[in-house]
Amino acid sequence: MSSRIYLSSPHMGTLERRYVEDAFASNWIAPLGPHVDAFQEEFARCVGSPHALALSSGTAALHLALQLVGVGPGDDVLVSTLTFSASVNPIRYLGASPVFIDSERTSWNMDPALLEEELATRARAGRLPRAVIVVHLYGQSADLDPLLAACDRYGVPVVEDAAEALGSSYKGRAPGTFGRVGIYSFNGNKILTTSGGGMLVSSDGELIQHALKLATQARDAAPHYQHSEIGYNYRLSNVLAAIGRGQLLVLEDRVLARRANHAFYAKAFADLPGIAFMPEAPWGRHTRWLTTLTIDPEAFGADRETVRTALEKENIEARPVWKPMHLQPVFASFDRRRGSVSEELFERGLCLPSGSNLTSQELERVVEVVRAVARNPVRRTGS
Ligand SMILES: *Cc1c(COP(=O)(O)O)cnc(C)c1O
């Protein structure tokens, strides 16, 4: 059987290993050190934020972000329903409740009209949320201007989950830098990886200082160990920051490679009925972190699961689009505003292998399987 084609696998550049060797040579094998400082500075410059704090994961960054904007027990937090569970879990860590907002069709991200409706309804009832988490999905920014305007109108802070959107733009700027706090992820399948890691950015230096303190077990400034609040062990290792510095140097290459994958698939499937790629919204650059499409089973002749299982049989990893959070058993009891767009995207959506290190032969293998299903469609009911 041919070797496995992964959805999105790590892709090292040339300097990562040298930086890691430097960490060893200097014995900075700790969750602090010169590579952590340099990674933070270089990352901040890369996204155009005055401050950045390296953390052990994107989830840890979001947990701190929510705490820093004041989310606590009993609060409500509005969040995109079409996302990965890590966007929502930290709301629950803090004893707050998520309220799920559906997607629009231009970028598949949070619908500004629905957010405005939800905020207006809540303002009238005196039940404004403590924060709104805007997620930027699959390498593309949400429509930030109207989302931020709605939140501004009601004085609700915005936390941006840009875990999937490093390298993308919104009107020339990096998503993640528009809200009060933004977070990024360097998990193994993201566009850049440190094997595991995250970053928190904000233009508020005091907020970042407080985040650093919380991430370091909340030690007060005292010669002995003294604590006046509850802290976490959330800092990034100097060894992993060394990997991150090398990765940051190849970000633009990685974006271009992923966009080229998308262009390849788009051309290869141009004549197939019933296939529609995730749109690239007019407001910025989509990195195509994952190439994602929807399959209309009537027009295509087979549904998404048929295509996915045909790929799996050929040892090719493809995944359904995120299952909306309002459909997840663990979040079923929480409120939502609509949900049919995200439900349709889940039912029909498929993420194709999208790594920046895919070869043209591997891309061809994916294309052949999808085209074979199109030639010999299997009709199925339901998914
Ligand atoms: C990956 C991801 C996260 C979590 O990041 P980790 O570094 O894996 O903790 C959060 N939100 C979204 C949308 C993600 O895709």
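The values are calculated or read from the model by the stated rules, or taken from the named source; none is laboratory data. Note that the coordinates shown come from a computational prediction; the quantities given were computed from them, not determined experimentally. Positions of Cβ are generated from backbone atoms using ideal geometry, with glycine treated the same way; all protein chains shown enter the neighbour counts. Side chains are part of the model used for accessible areas, which takes the heavy atoms of the whole protein and leaves out ligands, DNA and RNA. Shrake-Rupley method; radii C 1.70, N 1.55, O 1.52, S 1.80 Å.
Of note:
- Members of segment 95-119 that are open to solvent by 20 Å² or more (accessible area, probe 1.4 Å) and of a type in the set (A, V, I, L, M, F, W, C): ALA113
- Condition check for LEU249: modelled with pLDDT of 95 or more, on the phi < 0 side of the Ramachandran plot and crowded, with 21+ Cβ neighbours inside 10 Å: no
- Matching residues, segment 330-345, being assigned to a helix (DSSP H, G or I) and surrounded by fewer than 21 Cβ atoms within 10 Å (Cβ to Cβ): VAL330, SER340, VAL341, GLU343, GLU344
- Here the condition is being hydrophobic (A, V, I, L, M, F, W, C), part of a helix (DSSP H, G or I) and away from the ligand (no atom under 16 Å from the Cβ); of PHE43, PHE24, it holds for PHE24 alone.
- The numbered conditions (1) within 16 Å of the ligand (Cβ to nearest atom); (2) of a type outside the set (Phe, Trp, Tyr); (3) open to solvent by less than 10 Å² (accessible area, probe 1.4 Å) are all true for LYS190 except (3).
- Matching entry among LEU55, LEU7, LEU62, LEU82 (being surrounded by fewer than 17 Cβ atoms within 10 Å (Cβ to Cβ) and either aromatic (Phe, Trp, Tyr) or within 16 Å of the ligand (Cβ to nearest atom) (or both)): LEU7
- Only one of LEU240, LEU256 that is part of a helix (DSSP H, G or I), within 16 Å of the ligand (Cβ to nearest atom) and open to solvent by 30 Å² or more (accessible area, probe 1.4 Å): LEU240
- Checked against the criterion of being more than 18 Å from GLU362 (Cα to Cα) and of a type in the set (Phe, Trp, Tyr), the candidates TRP283, TRP289 yield just one match: TRP283.
- Some residue of segment 310-326 being assigned to a helix (DSSP H, G or I), in contact (Cβ under 8 Å) with a residue 60 or more places away in the chain, within 30 Å of TYR93 (Cβ to Cβ) and not assigned by TED's automatic domain parsing to the domain that holds GLY74: yes
- Among the candidates SER169, SER141, the residue that is open to solvent by less than 10 Å² (accessible area, probe 1.4 Å) and away from the ligand (no atom under 12 Å from the Cβ) is uniquely SER141.
- Of the residues examined, PRO112 is not one that is more than 20 Å from the chain's Cα centre (by Cα) and closer than 21 Å to MET325 by Cα.
Residue by residue, here is whether (1) farther than 18 Å from PHE269 by Cβ; (2) open to solvent by 50 Å² or more (accessible area, probe 1.4 Å) holds:
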| residue | (1), (2) |
| --- | --- |
| VAL321 | no, no |
| MET325 | yes, no |
| GLN328 | yes, no |
| ARG348 | no, yes |
| CYS351 | no, no |
| LEU358 | no, no |
| LEU363 | no, no |
| VAL369 | no, no |
| ALA374 | no, no |
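- Any hit, segment 211-219, residues being away from the ligand (no atom under 11 Å from the Cβ), open to solvent by 20 Å² or more (accessible area, probe 1.4 Å) and more than 20 Å from LEU94 (Cα to Cα): yes
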